[in-house]
Each structure stands twice: as structure tokens, then as C-alpha cells.
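Here the structure is laid out as C-alpha cells; the discussion comes afterwards.
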Amino acid sequence: MDLEEAKEFKERCTQCAAVSWGLTDEGKYYCTSCHNVTERSKEVINTGDIPNTKIQAINRGLKRKRKFEKGWDWYVCEGFQQILYQQAEALKTLGVGPELKNEVLHNFWKRYLQKSKQAYCKNPVYTSKRKATVLEDNPSHSDWDSEPDLLSDFSCPSFVESGTDSKPDGHTQKPFPISRTSQSETASICSGSLDGVTYSLQKEKGIVKMTVPRTLALCYLSLLWQRETITLSDLLRLVEEGHIPYIHAFQRFPEEMKLYGRDKGIFAIESWPTYEDIYKKTIEIAKFLDLPRFPDITEDCYLHPNILCMKYLMEVNLPDEMNDLTCQVVKMTGIGEVDFLTFDPIAKMAKTVKYDVQAVAIIVIVLKLLFLLDDNLEWTLSNIAEKYNEKNKEDKPWFDFRKWYQVMKRSIDEKKQKWEEARAKYLWKSEKPLYHSSIDKGVVYKRREMVVNLQKQFSTLVDSVPTVEKKRPSSFQFNWTEGDSTRTCFHGHGLQGILKKKGQSLTTKNSLYWLSTQKFCRSYCKHVTTYEESNFSRSYQFIINLFSFLLRIKTSSLHEEVSLIEKRLFKAKYSKTKKKSRSRKGRK
């Protein structure tokens, strides 16, 4: 769209009689008032402006101008590679080691292309009707250069695998040759990419199609392989805060990679990623790639429950002394064992641990052991702690559950309100508009310009404050400091009022415990257990809601994890309930 070049056209529009013209990408004049496109086209004097002219760029390989969009020929998987590159760069900026991008994610992506038969194999799906270009191996060359390149611009060493497709004749095929048939020319009319239409219709059994949410799953697999200090909930929070490209990732594509038509349904995302969805996709991709057993999660790893429990105790402002109790629960249940924690995709029951959910579930169980959380005992113990603290102001204060509840309730309500406001204000419309076809481009850009102008006018009227720059993300969502008069820090408070000495060890004064789930659903049921808030105490509801918001997960998911760990911790209780139910059936 070039308004300057269209100024020489002075005829009035046949529909609205206005003299205001622009140029479409095909060189035709269109009215900027009513968007009527004429049959008249601008004379082209410079042959460099003629569409479909072959251009050779230094170090970029041969590029062809498209008939409609004047862009590069590119495939959908090249778009996903761009997104993965952006996400890897963002993680590197956040402090993740460069090995994740240059080695782990790089090899996972190559393996995916090979498994889905898109590249690095004898007969890539895109070259079945073309003569493939064979290039020499170049081990010194990396796919992830400092500047993102398209897959069709370079050659890479094959991903070493036991299969016969790994290294055909000691050469690596160029994944997407630039030669194009008339068939791809026709298909690309409905999309900016060459295979947008065929990709959106593809439903091949056994092939896991790449999607934008699955790029996050690949990133999480890479983080897990490297045993980085980022859990799945951290990753999704970083996405939500805009530190990792996701919603409008396509906006960072090179200008020559044109998106329209079917590409919109592939790359445009209109919802936030959820924990359960990305978790399932992570296992799905790991199994599809036939990945080997991941590096061991040992006691010195960040993902070990002992370390994560300590982190979340600090996060929710609970006493440091509780960490000893969480470590005991981990030991008694066996969930700290290497074999239990390490992800093995090729195992019969491939299932990775929800490390963050598991850690907070342990804390919930410890709180139940200490305070019962029955809307009665916790308040009785709070009264005892309050009286002691008033009489002994110089001594180490006892932990007061009621006071902690009040501080956390206020803090979590403020955080929730800000989070809800941020979500409500989020602009789902991208700065780079997507359109269904090249004909609609002028209309879409005009509408987008009008929306931006209206937003500017509205912000001037309401005297809104300009957007503040994004702050560097933190591992913690809450910050608790000693001596803060507005928000009490409970990290240094003691558990003396809750524990009692029994010989040389300490035990809880509370000897009671109630199970979160009395009876589990049968194996063929889709869920392990159900969670109805009305069936539980308000204290338990508050704790579950607090940690669920912290991890951005469903309350039912956390309740389920609590129930599963309780099942390990109280094997005797569950075996008794099973025997009782069997005896009742026998009497009947």
C-alpha cells in the first residue's frame, strides 16, 4: 500500500466520488475511502518492482518474490522454528544457559522434523514431488545462528539416530528446496506459507502436529533435560507476563514471511496456555520423539521436593521450621527417590512428575498435620500463640495461624485483583494485523489504523498514565522482609506452640488427621478424585485456593495431588477402609 505513488491518479471513485487512492500489492489502485478496487494499474518503469522477480541475497540463498505478497517462499514448520528461536532467546536472556538453545532444544527440534518426516530424512514430505537439493555436511555450521534463518537457507548435520534415515549417503538433504511446482503456487493463494492449507487439513495418524502451545512443551522438555531452575508454572507465568513470546509471536517474523488466510488459524493464539494442557503435550511430544530417560533428579537439583518445598514456604510466608516436617513427609512417602522423580518417556507408564504441584501438596499435608484445618483446632492454637506472644515480646514469637491468614488473605486479594485487571486490559489484537487474503489487506490495515487512533483519543480523554516498562521477572511473586510494619514476615516464627516433646523427638500436639479423599475412583474413570468445595472446611479451601492461584492451576488438580500423596503416607488407613468396604459387601 503506497499512497505517495498513487497521488498521480486523479480520477474520481465510481462508488463514492472521492479522489483518494492507494496501491495494492498487485499494483492496482483502490479507494482509501470506500476500499473499491479498480481494474486500472500503475505502470511499472523499474523492473526491480515487478512481482515474481528472482532476487539473490548475499548469504541468504535464492529467494523468490511471491505473486501476491512479494514475500519469501516458506513452510509452516519454518514459522514454528522462528517461534522456538524467539522463545530460546528469551530464556537465555532470563539467565538460562546457552546450552539449552544451542544443543538441547536444537536437537529436539531436529528430531521432531525427522520424526514428522519434514526434514533430515530420505524423503521429506515437502520434496516427494520435487528433486531434492543435496548439500555437503558442515558440522561447524549451527542451525541457530545469531540471526534467525529459515530452514531452507542452510544445511545442518543430521540428528544422529539408530534409524536408517539419519544419514543418507553421507549427505544431508536441504529440508525445503526452493524449486516450486504449479500445485504449491495454487495452494499458497489461500495462505502466506506454501503449505498453510495442507497443514491445517493434515490429520495423519501417529504424527503429532506442531502448534504454538506445543512449542512451549518443547521448551519445557529442554528445561527439564537441563534441570534448570524453572518449573512449568514458572514458564507459564513468564509467558503471561510477556517475557517469553507466545500470544503474538508471529509479529516477530521477518517482514518477508507473509501471514494470511490459513496461517491465521495456525499461528494466531487467542487464549492463555493452561498448566494441564501443556503438561499433557509435554508427555505427548516426549513419547513421539522416543526420547531416552532424562538426567536424574537428585537431592541437589532444584526440582527435588526438598528444595521446592523450601522455596514455596518462603513464597507463602510460612515458618522456616516447617521445612524439617516437609522433608520427613518426602522421606516417608518415597517421592524424593531418583527413580520416582526422573522422567522416562520410553517407560511403560510414561509420566513426568508435576514438581511444583507436588511440592505445594506436601506443604498442604504438613499444615493439616499441624493444624488439622477443620475450622476449629487452628483457631484454638492461634489463641494460645497470641497470648504467648503478648506475654513474651522479647522471645522468639510463636506462629499464629490467624494472623498469618489475615496477612496472606490481604496480599493474595491484592495480587488477584491486579492479575484480573491485567487480563481484562490485555490487547488480543496484534499490532501486525492478520488478514484472510491479500485483497483484504488494505481494509484490514485501514481498520487497524482507525482502532489505534481511537485508542489514542480515548487515552487522552481519560488522562491515562503511560504504560510502564516491564520489570525483570523474579522467581518469587511475593516479597517478605523482616521489620515490615504493614506485612508481618513469619519466616523466623517458631512452632513451639504446636509441637511437643516425646522423648528426644518432637511430635505434633494434634493427633488427629482427616483424609482429603476417603475413596478413589476406579481405574477406568478419567479422574482420580473429585473436589467439591462445599464438602471441605473454609481453612482448607483457603489453603487450596492460595496455592492454586500461586501456580495458576485448578483447585481440583492440587486437591488430587494432595490425595495421592496422602495415599502413600497413610497406607494403613486406606487398607483398612478397603477391608471394611469388602466386609460390608460380603455381608450383603
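The values are calculated or read from the model by the stated rules, or taken from the named source; none is laboratory data. None of the values given here were measured: they were computed from a predicted structure. Glycine gets a Cβ as well: all are built from the backbone with ideal geometry, and neighbour counts include every protein chain shown. In case anyone asks, the SASA skips ligands and DNA or RNA and just uses the protein heavy atoms, side chains included. Shrake-Rupley method; radii C 1.70, N 1.55, O 1.52, S 1.80 Å.
Looking at this structure, is THR342 in contact with a Phe, Trp or Tyr (Cβ under 8 Å, 6 or more places away or on another chain) and either among the acidic types (Asp, Glu) or within 16 Å of ARG227 (Cα to Cα) (or both)?
Numbers: in contact with a Phe, Trp or Tyr (Cβ under 8 Å, 6 or more places away or on another chain): yes; either among the acidic types (Asp, Glu) or within 16 Å of ARG227 (Cα to Cα) (or both): yes.
Yes: the conditions hold for THR342.
Which members of segment 101-122 meet the condition of being hydroxyl-bearing (Ser, Thr, Tyr) and either at pLDDT below 90 or not in a helix (DSSP H, G or I) (or both)? If the condition is that a residue be hydroxyl-bearing (Ser, Thr, Tyr) and either at pLDDT below 90 or not in a helix (DSSP H, G or I) (or both), then SER116, TYR120 are the ones that fit. Filtering segment 230-264 to residues that are over 22 Å from ARG423 (Cα atoms) and of a type in the set (Gly, Ala, Ser) leaves only GLY261. Looking at ILE207, ILE178, just one residue is at pLDDT 50 or above and hydrophobic (A, V, I, L, M, F, W, C), and that residue is ILE207. Of all residues in segment 1-15, those being acidic (Asp, Glu), modelled with pLDDT of 65 or more and open to solvent by 100 Å² or more (accessible area, probe 1.4 Å) number 1.
There is at least one residue in segment 241-249 that is more than 28 Å from LEU303 (Cα to Cα) and either open to solvent by 20 Å² or more (accessible area, probe 1.4 Å) or part of a helix (DSSP H, G or I) (or both). Does LYS425 fit the bill of being modelled with pLDDT of 65 or more and touching a helix residue (DSSP H, G or I) at 6+ places or on another chain (Cβ under 6 Å)? Judged against the criteria, LYS425 is not a match. Only residues that are without any contact (Cβ under 8 Å) to a residue 60 or more places away in the chain and over 16 Å from ARG237 (Cα atoms) were counted in segment 256-278, giving 1.
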